[in-house]
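Input: a single structure, listed below in structure tokens.
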Amino acid sequence: MTRVAIIGCGVVGAAIAYELSLVPNLEITVIDCHQPAQGSTQAALGVLMGIISHKVKGRLWRLREQSILRYQTLIPELEATAPISFNRQGILMLCFPGEDMAQWEKLAATRRTQGWQLDLLEPQEVRQRYPQLGKVEIVGAVHSPQDGQVDPVVLTHALVRAAEGNGVRFRFGERVERINYLETESLKQCDRLETTQGNLEVDWLVMAAGLGSTPLTAGLESPVEIRPVLGQALQLRLQNPMGDGEIQPVITGDDVHIVPCQDSDYPVRDYWVGATVEFTGEGDPMEGDPVLLKQVLQRAIGFCPDLALGEIVRTWSGLRPRPEGQPAPIIGPLAGFENVLLATGHYRNGVLLAPATALEIRRAIAGN
């Protein structure tokens, strides 16, 4: 049995654990000092902007496409034991005056050649389909029916349950205190983790610890710098449903997302709204600016005026892991090590890219 340790059990670590659990002859242990789905995962909105992204080639498009394809099979696999809050109504991107619609037409044509669909809608058609939209001035919209949205916390717990059913061991409330490694003539090899609960011998180590990856890599004298970027969001509850009250697509525009809550009773009356993007200097307190969150809410109300009648039932925030000096995400070997893999620094795309990240790690360890 090949012994694999995964540090971190957010959505990325849980996806890796599940994907590896499908490979025979692996003994998999996941360690996290917290319970699953904490950190950036619990703060994410779970909007899967893959096909609607303007990435059309290269690594970032490949990861997006892999993830959207894997989600098509992953969700049914997980729903065999428990329901998953997965919105299959797609994403509606509002386009405002000054938007270059020719670029969207070009992207739609490219997606057709790649086997994907994007629908360009005229303003009148948008308002007919989505009566919850107010008088916000738009020049059209783009609907991506093959993208979607998933509850990140529900997804992570489902991945943990499924991986446990396949024999993965999860050790929560346990902290890695030291990573031991052997010096070889070429690359170093990690051989043992020292944790607050004892030692763990390993053949492979996967770091999926988000912001926690920085001190872990520094301890191996191969530091990877990841900075926190704060995001805030809120949940609104309406007395009366918007539109027809059925599940609608995620509505997005000007970097604001309006997400129907699928775990609420029909007709849908709860919506997530977010999220801010707040950079702070080193040493600054990571506290969200209420003014910025209010601006996001006001922009959302500009899209859907009925949101102004909603009661704020919850607000939350989280820190996204953004790599410093290199593009997000970081997936692959840690410099100088033969058997340490990074799966971290996903910034704002952790939920979107979790399946593709898991497949990349699976190929690195198992070759398939």
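What aspartates and glutamates could a cross-link reach from LYS188, if we take a straight Cα to Cα line under 15 Å and drop same-chain neighbours fewer than 8 places away?
ASP203, GLU221, GLU338
Given a 1.4 Å probe and the protein chains all in place, what does the accessible area of ASP191 round to, in Å² to the nearest 10?
We get 40 Å² for ASP191.
Sum -39500 (n - 2.57) across every DSSP H segment of at least 4 residues in the chain, then divide by the residue count to get the 222 nm mean residue ellipticity, nearest 500.
-9500 deg cm²/dmol
In segment 204-305, what GluC sites (Glu not before Pro) fall in a loop by DSSP, with at most 15 other Cβ atoms inside 10 Å?
Within segment 204-305, the qualifying GluC sites (Glu not before Pro) (loop, at most 15 other Cβ atoms within 10 Å) are GLU221, GLU225, GLU246, GLU282, GLU287.
Taking the alpha-carbon distance from LYS135 and a cut-off under 24 Å, which lysines remain once sequence neighbours fewer than 8 residues away in the same chain are dropped?
Counting by Cα, and skipping residues close in sequence, LYS135 has these lysines nearby: LYS294.
Looking at segment 308-342, which GluC sites (Glu not before Pro) are in a loop (DSSP not H, G, I, E or B) and have at most 14 other Cβ atoms within 10 Å?
GLU324
Ordered by residue, what ³J(HN,Hα) values in Hz, to whole numbers, does segment 131-136 give under the Karplus form 6.51 cos²θ - 1.76 cosθ + 1.60, where θ = phi - 60° and Gly and Pro are x?
My calculation for segment 131-136 gives x, 5, 6, x, 8, 4 Hz in order.
Please name which of ALA209, ILE251, LEU121 has its Cα lying farthest along the dipole of the chain towards the positive end, using unit charges on Cβ (Lys, Arg +1; Asp, Glu -1) and the Cα centre as origin.
Of the listed residues, the answer is LEU121.
The values are calculated or read from the model by the stated rules, or taken from the named source; none is laboratory data. Keep in mind that this is a model prediction, so the values were computed, not measured. Neighbour counts are summed over all protein chains in view; Cβ atoms, including those assigned to glycine, are modelled from backbone coordinates with ideal geometry. Each accessible area value is taken on the protein alone, full model and side chains, heavy atoms only, with ligands, DNA and RNA left out. Shrake-Rupley method; radii C 1.70, N 1.55, O 1.52, S 1.80 Å.
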